Amino acid sequence: MVRWCLLILFKMVLAATVVDGAVASPVDRVPTALRAVALTFDDGPDPQSLRIMDLLENINGRATFFVTGKSIEKHPDVLRAIFARGHEIGNHTLSHPRLSQLSPESIEHEILGTQQLVKDLTGQVPVIFRAPFLSYNDSVLFILQRAQLPAINGTLTRDWDPSTSVEEIIAKSTGNIQPGAIIVLHSWSANTLAALPEILRLLQEQDFRLVTVSELLASQE
Ligand SMILES: [Zn+2]
């Protein structure tokens, strides 16, 4: 009974918030005076995350890793390494579902469960979120707002598609890039790892600093 009441209350609050238009949309780029971009890597932690950090640290760059619970369970040491090495950890759900197809309770479980898992291993909770498949609806955005987690999209490189070549990933990550851009990559992709040295070289050539998403958000104008 209590559960039902809570559910009805939740749906009323959800409806009210959506009508108010108070739910923030996902961020695609951060307006900033900083000459900086954020490289983001989804679906880890995984062994390639370590290689990615090595390449970034050669040029004093930092990245953001949107991690899933299922990858954390396989590679908890890599998660700890991402944290210890000063890169940012973002929430990417427990099981990588299409959130817009789930009930509010399941959406909440996917998001808050990941917050807890990262906290258990690093002592800190993520402050940013990216939905798998960038799949949002009003319930997802409302739950994120209540958890004070901004939704972060960005410039898509299509590196998740095996038919996207290394050259295309480089071009999408470095062509026409504006300050405050957020580049969406995947830490498991062999093509992405192969593209990364050239991506870093070309971004440096354009004088971009590589910062975390939270650093970009803090510099927002
Ligand atoms: Zn993903």
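Throughout, read-outs are computed from the coordinates displayed, never taken from laboratory work. This one's a predicted model, so the numbers in the text were calculated from it and none came from an experiment. Cβ atoms come from the backbone with ideal geometry, glycine included; neighbour counts cover every protein chain shown.
At 7 Å along Cα-to-Cβ for each site, give me the label-to-label distance between residue 54 and residue 221 in nm.
3.9 nm
Choose one of 162, 36, 107: the residue whose Cα lies farthest towards the positive end of the charge dipole of the chain (beta-carbon charges +1 Lys, Arg; -1 Asp, Glu; about the Cα centre).
Looking along the dipole axis, the top candidate is 107.
Using a Cα-Cα cut-off of under 17 Å, which aspartates and glutamates could be cross-linked to residue 70, ignoring same-chain neighbours fewer than 8 residues away?
Result set, ordered by chain and number: 42, 43, 46, 108, 110, 120.
For helix 2-20, report the angle its Cα long axis makes with the longest principal axis of the Cα atoms of the chain; keep it between 0 and 90° and round to the nearest 10°.
60 degrees
Quick one: check the C-alpha center-to-center distance for segment 99-167 versus segment 173-221, whole angstrom.
19 Å
Give me the number: length gained by fully extending residue 167 to residue 119, i.e. 0.36 nm times residue separation minus the C-alpha to C-alpha distance, one decimal in nm.
Going from the current span to full extension adds 13.6 nm.
In degrees, nearest 10, range 0 to 90: what is the angle between the Cα axis of helix 47-58 and the longest Cα principal axis of the chain?
Helix 47-58 sits roughly 50 degrees off the main axis of the chain.
Multiplying the sequence separation of residue 28 and residue 178 by 0.36 nm and subtracting their Cα-Cα distance, what value in nm do you get?
Value of the extension gain: 52.8 nm.
As I understand it, the dipole of the chain uses +1 on the Cβ of Lys and Arg and -1 on the Cβ of Asp and Glu, about the Cα centre. Which of 97, 151, 121 lies farthest toward its positive end?
Going by the Cα projections, it comes out as 121.
Using unit Cβ charges (K, R positive; D, E negative) and no other charged atoms, how large, in debye to the nearest 20, is the dipole of the chain about its Cα centre?
Using only the charged Cβ atoms, the result is roughly 340 debye.
Given points 7 Å out from each Cα along the Cα-Cβ axis, report the residue 35 to residue 137 separation in nanometres with one decimal.
4.5 nm
List the residues whose amide H sits under 5 Å from the amide H of residue 87, counting only those 5 or more places along or on another chain, with H placed 1.01 Å from N in the peptide plane.
Amide H neighbours of residue 87, under 5 Å, 5+ apart: none.
Explain nothing, just compute: Karplus ³J(HN,Hα) = 6.51 cos²θ - 1.76 cosθ + 1.60, θ = phi - 60°, for every residue of segment 142-147 in order, whole Hz, x for Gly and Pro.
With the stated coefficients, segment 142-147 comes to 5, 5, 5, 4, 5, 7 Hz.
Can you give the net charge of the other residues whose Cβ lies under 14 Å from the Cβ of residue 207, counting K and R as +1 and D and E as -1?
+2
Taking only Cα atoms, what is the 0 to 90° angle, nearest 10, from helix 104-122's long axis to the longest principal axis of the chain?
The angle comes out near 50 degrees.
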